[in-house]
Amino acid sequence: MGFDAPGFWWRPAGWEAAALAPAAAIYGAIAGSRLANAPRETIGAPVLCVGNLTVGGSGKTPVAIALARQARAMGLKPGFLSRGHGGNAAAPQIVEPGRDDARAVGDEPLLLAAHAPVAVSPDRAAAARLLVARGCDFIVMDDGFQSARIRFDHALLVVDARHGVGNGRVLPAGPLRAAMADQLRYADAVLSMGEGPGADEIVAAAARTGKPVFSAALEPLDAGRFAGRRVLAFAGIGHPDKFFDTLRAAGADVAVARRFPDHHFYTQAELRELVSAARAQDLALATTAKDAARLGGDAALQEIRAGIEVLEVDAVFTPAQATTTIVEAAVRAWSARAT
């Protein structure tokens with residue numbers, strides 16, 4: 001099940017946003033009230049929430065992985081908490097990469113599970129308890145800032161520096177999950193991801209209230225294998241253009257770029273058409289790690305997956321010690337609350 005965001009979300013507000021303003025006012029009021037008043041369950045470990053202001057990709061998952069890696073380097077036992085978007089798990093569960101696939105637990109949890117235990121459930125409190133029972137003493141919550149189900153000790157909002165908050169309107173008139181001011185009120189820090197002016201307004205607002213502001217970029221791993229190659233690139237993520245640009249920065253010639261809805265599950269017919277189109281033009285097939293996680297189903301899909309190049313990326317912070325600062329802030333807040 002994929003989601004294709006309306007194009008008008010990412011343009012200056014026009015008649016579409018105006019027509020949806022009444023619905024957006026209702027949605028924003030409910031979301032703001034939930035942030036302010038919903039009861040939050042206390043978890044027996046520090047909770048670091050990696051969230052964003054909008055619907056759509058901002059690079060949260062690589063950021064969550066980088067922070068969990070830092071927590072482990074500091075002697076902690078991190079675990080990831082995820083809703084499992086796109087999956088159909090009926091009860092809270094620990095992800096088993098060799099057993100579960102993306103249709104069961106979602107694509108992002110499969111990526112996270114390569115780095116630390118992952119618990120998935122719309123009931124984030126129940127999933128968090130599973131991680132604590134598993135022995136995790138530091139929880140990284142990938143998304144869920146607006147869910148208001150559990151108490152987090154540090155909330156880091158990731159903002160895409162290229163796209164920012166789009167037209168600045170609340171759902172369904174725009175991509176914001178709640179009014180920007182309401183969300184920033186409950187954030188502890190802001191991370192500007194990538195390059196561009198899209199995060200400037202949020203960064204300035206955070207700075208005015210004394211909230212720390214960090215920056216990071218997604219850098220490809222083993223980028224050299226794409227240098228000089230002509231590729232057919234395809235992606236079903238929040239902002240596919242970021243993937244295509246990353247391939248170009250790695251030296252690839254993106255001859256064909258195919259866009260699919262976010263979290264799209266590919267059919268055999270779609271994949272075979274992509275393979276056929278690539279062969280007809282003597283192109284390599286390339287996609288994202290998140291898309292590749294959705295290609296693990298039956299044997300036929302796995303056979304096709306074997307012929308697709310996957311671009312892995314890592315979130316690199318500036319300065320590098322920012323990850324330490326963020327993890328320490330979460331631990332410190334939890335310790336102060338627990339004493």
(message) Can you report the number of residues in segment 92-135 which are under 15 Å from THR42 (Cα atoms) and either touching a strand residue (DSSP E or B) at 6+ places or on another chain (Cβ under 7 Å) or assigned by TED's automatic domain parsing to the domain that holds ALA289 (or both)?
(response) 6
(message) When the residues of segment 291-302 are narrowed to those that are modelled with pLDDT under 75 and out of contact with any Gly (no Cβ under 8 Å at 6 or more places or on another chain), which ends up surrounded by the fewest Cβ atoms within 10 Å (Cβ to Cβ)?
(response) ALA299
(request) List the strands (runs of 3 or more DSSP E) that sit entirely inside segment 280-339 and contain at least 1 residues that are closer than 30 Å to GLY44 by Cα. (result) 313-318
(request) Please work out which residue is modelled with the lowest pLDDT, limiting yourself to segment 99-119 and to residues that are closer than 13 Å to ALA292 by Cα and acidic (Asp, Glu). (result) ASP101
(request) Determine which single condition GLU16 fails, assuming it passes every other condition in (1) assigned to a helix (DSSP H, G or I); (2) at pLDDT below 95; (3) charged (D, E, K, R). (result) (2)
(request) Would you check if ILE65 is modelled with pLDDT under 95, in the same structural domain as VAL132 (by TED's automatic domain parsing) and closer than 18 Å to VAL331 by Cα? (result) no
(message) buried (at least 24 other Cβ atoms within 10 Å of the Cβ) and either small (Gly, Ala, Ser) or in contact (Cβ under 8 Å) with a residue 40 or more places away in the chain (or both): is that true of GLY87 in this structure?
(response) yes
(request) Name, by its number, the condition in (1) free of Cβ contacts under 8 Å to residues at least 60 places away in the same chain; (2) under 17 Å from ARG124 (Cα atoms); (3) not in a loop (DSSP other than H, G, I, E, B) that does not hold for ARG72. (result) (2)
(message) Just checking, does segment 256-267 include any residue being modelled with pLDDT of 90 or more, surrounded by 22 or more Cβ atoms within 10 Å (Cβ to Cβ) and among the aliphatic types (A, V, I, L, M)?
(response) no
(request) Please indicate, with yes or no, whether at least one residue in segment 132-155 is of a type in the set (A, V, I, L, M, F, W, C) and more than 27 Å from ASP107 (Cα to Cα). (result) no
(message) Report every pair of residues separated by at least 6 positions or lying on different chains whose Cβ atoms are under 6 Å apart, first residue within segment 273-286 and touching a residue at least 12 places away in the same chain (Cβ under 8 Å), second exposed (fewer than 15 other Cβ atoms within 10 Å of the Cβ) and among the basic types (Lys, Arg).
(response) LEU283/ARG230
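Just one of ALA71, ALA102, ALA119 is surrounded by 19 or more Cβ atoms within 10 Å (Cβ to Cβ) and over 29 Å from LEU301 (Cα atoms); which is it?
Unique residue meeting the criteria: ALA71.
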(message) For segment 154-203, give me the residue count where each residue is under 19 Å from PRO6 (Cα atoms) and small (Gly, Ala, Ser).
(response) 8
(message) For segment 212-272, give me every one of the strands (runs of 3 or more DSSP E) that falls completely inside it and has 3 or more residues that are touching a residue at least 60 places away in the same chain (Cβ under 8 Å).
(response) 213-220
(message) When the residues of segment 34-57 are narrowed to those that are at pLDDT 95 or above and farther than 30 Å from GLY236 by Cα, which ends up surrounded by the most Cβ atoms within 10 Å (Cβ to Cβ)?
(response) PRO46
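The values are calculated or read from the model by the stated rules, or taken from the named source; none is laboratory data. The structure presented is a predicted model; accordingly, all values stated were derived computationally and were not measured. Counting neighbours? That spans all protein chains shown, and the Cβs are built from the backbone with ideal geometry, glycine included.
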